[in-house]
Amino acid sequence: MAELKEEEVQREKSVFAQISEYNHEKVVFCHDKDTGLKAIIAIHNTVLGPALGGTRMWQYASEAEALEDVLKLSRSMTYKAAISGLNLGGGKAVIIGDAKKDKNEALLRKFGRFIKNLNGAYITAEDVGMTTKDMEFIRMETEHVSGLPESMGGGGDPSPVVAYGTYMGMKAAAKKVYGSDSLEGRTISVQGVGNVGGYLVELLAKEKAHVYIADIYEDRLKEVSSKYKAKIVGMDEVYDLNVDIHAPCALGGTINDDTVNRLKCQIIAGSANNQLRDEDVHGAALQERDIVYAPDFLINAGGLINVYSELVGYNRERAYAQTERIYSYTLEILNLAEKEGISTHLAAKQLAEKRIESMAKVRSTF
Ligand code: NAD
């Protein structure tokens, strides 16, 4: 029999074995024949507060793949909220389907009713395949929605805040490695110049860094390149560039067996979720190669901070001020990892877990 890949081994496990491995509190399978809704809501941990995390609509190759995605993403949300000092737990939802063809008002509102039945244990927001307009439909059935348009008291597009947090994390890593957080004259590759990547390039250009960009879309590359004088490089070439800093801002899993030894940078700091294909293996590989990795779930927390701000009455200035703290959190984690001789990803996870553990004690009495 052919050897199974790690993801396949994971999916071969029973549903309860997977839930138990990630230690989720609750996983809800939502099904509605009339609207064709097939969704999974995963609540990972609610010690710090209600589980907040976006809904992703994606045409998964299998239901097992959808389950794996929602379990991993919701666990990351727990760490992201905990490390950012927010009083939120971790959760996420996936709707199985083609966002371009299968999404409609009835399906979204039915999904909203499933969220309503969780009585606030889960709060949803936008993710891949969803828009602020979709949030409006869900909001018609439940109040447990964030990421609403500005016209409805929401924070609007979170991408500039995410880019700002990523930039703060990058500057902190520069401070650690070079003794100065100035990015002037530094060579930086930005992989993926979509919503977040585009705003990040703008910040880097303002600081007079030399920016290289890679993306699938030619038009977008030309637009960003001409606006900010960034140099376009190939999608594969980006792994071999002789740059100071590499910023993965496309999809997850780009630091993997094929790429980890090709990178020549001293720092990795980007916005993409789940950048390390295998947290333990590739986190350790970067540590061995003396590449300082600013943990993704920490430095891309600007989006979560932005939607959290909506829950307490949206204030953009406050969201930015809180996002700015990513700088000091990143430095703290990089120093901790060095002191303990562990990977920065592990150090960040340990710090997040420590906060959850100690807050569980605080909340053990009325
Ligand atoms: P986006 O879809 O707007 O941009 C992603 C860009 O990456 C696209 O332009 C796409 O063409 C490009 N891309 C895809 N695969 C690529 C590849 N192999 N090489 C080069 N480019 C490639 O998404 P976004 O909102 O900018 O998010 C970027 C990343 O940041 C994602 O991983 C997302 O999960 C993460 N993130 C986003 C937010 C947010 O609020 N937008 C918050 C936290 C984390």
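Structure notes:
- Simple label model, 7 Å out from Cα along Cβ direction - Asp257 to Lys13, nm: 2.0
- In region 78-221, Rg over Rh equals 1.05, where Rg is the alpha-carbon radius of gyration and Rh the Kirkwood radius from pairwise Cα distances.
- Each Cα pair under 8 Å and six or more residues apart adds its separation to the average, and for the chain the resulting relative contact order is 15 percent.
- Taking only protein heavy atoms and a 1.4 Å probe, the accessible area of region 159-353 is 47% carbon and sulfur.
- For the cross-link pairs Lys38/Lys101; Lys38/Lys116; Lys171/Lys206; Lys80/Lys103; Lys72/Lys92, the ones whose C-alpha atoms lie over 21 Å apart are Lys80/Lys103.
- To the nearest ten degrees, helix 218-228 and the longest principal axis of the Cα atoms of the chain are 60 degrees apart.
- Using θ = phi - 60° and Karplus 6.51 cos²θ - 1.76 cosθ + 1.60, couplings along region 314-328 (whole Hz; Gly, Pro as x): 4, 9, 4, 4, 5, 4, 5, 5, 5, 5, 4, 5, 4, 4, 6
- Whole-angstrom gap from region 74-105 to region 135-154, using each part's C-alpha centre: 15
- Rounded to 5, the percent of DSSP beta bridges in the chain classed as antiparallel: 35
- Taken one residue at a time, the phi angles of region 354-362 give Karplus couplings (6.51, -1.76, 1.60, θ = phi - 60°) of 5, 5, 4, 4, 6, 6, 4, 5, 4 Hz. Gly and Pro are set to x.
- Order of exposure, largest accessible area first, which applies to Asp257, Asp102, Asp236, Asp127 with probe 1.4 Å: Asp257, Asp236, Asp102, Asp127
- The phi-based Karplus calculation (6.51 cos²θ - 1.76 cosθ + 1.60; θ = phi - 60°) puts the 3J(HN,Hα) values of region 233-238 at 10, x, 5, 8, 4, 4 Hz, whole numbers, x for Gly and Pro.
- Contact order, relative form, for region 243-366: 21 percent (alpha carbon pairs under 8 Å, 6 or more residues apart, mean separation divided by residue count).
- Values of log10 I(q)/I(0) for the chain across q = 0.07, 0.10, 0.13, 0.15 Å⁻¹ run -0.29, -0.61, -1.06, -1.41, by the Debye formula with one identical scatterer at each alpha carbon and no solvent.
- Gyration tensor verdict on region 286-366 (Cα atoms; rounded if a/c is under 1.5, prolate if a/b is larger than b/c, oblate otherwise): oblate
- Å² per residue, accessible surface of region 159-353 at 1.4 Å: 43
- Relative to its residue count, region 159-353 spans a Cα convex hull of 110 Å³ per residue.
- Site pair Lys101 and Val312 shows an inter-label distance of 4.4 nm when each label is modelled 7 Å from Cα along Cα→Cβ.
- Within a straight-line Cα-Cα reach of under 17 Å, Lys33 can be paired with the following aspartates and glutamates, leaving aside sequence neighbours fewer than 8 residues apart in one chain: Glu63, Asp98, Asp102, Glu105.
- Rg/Rg_globular for region 240-300, with Rg_globular taken as 2.2 N^0.38 Å and Rg from C-alpha atoms: 0.97
- Interchain or long-range residues, amide H under 5 Å from Cys30's placed H: Ala39, Ile40, Ile41
- Working from Cα pairs under 8 Å separated by at least six residues, relative contact order for region 159-353 is 24 percent.
- Cα-derived Rg to Rh of region 114-191, Kirkwood definition: 1.20
- Of Ile96, Ile268, the residue with the largest accessible area leads and the full order is Ile96, Ile268 (1.4 Å probe).
- Whole-angstrom gap from region 234-299 to region 189-220, using each part's C-alpha centre: 16
- Distant-in-sequence amide H partners of Thr187 (H built 1.01 Å from N, under 5 Å): His210, Asp244, Ile245
- MRE, 222 nm, helices only [DSSP H, n ≥ 4, -39500 (n - 2.57), over the chain, to nearest 500]: -14000 deg cm²/dmol
The values are calculated or read from the model by the stated rules, or taken from the named source; none is laboratory data. None of these values were measured; they are calculated from a predicted model. For neighbour counting, all protein chains shown are included, and Cβ atoms are generated from backbone atoms with ideal geometry for every residue, glycine included. Only protein heavy atoms, including side chains, enter the accessible area calculation; ligands, DNA and RNA are left aside. Shrake-Rupley method; radii C 1.70, N 1.55, O 1.52, S 1.80 Å.
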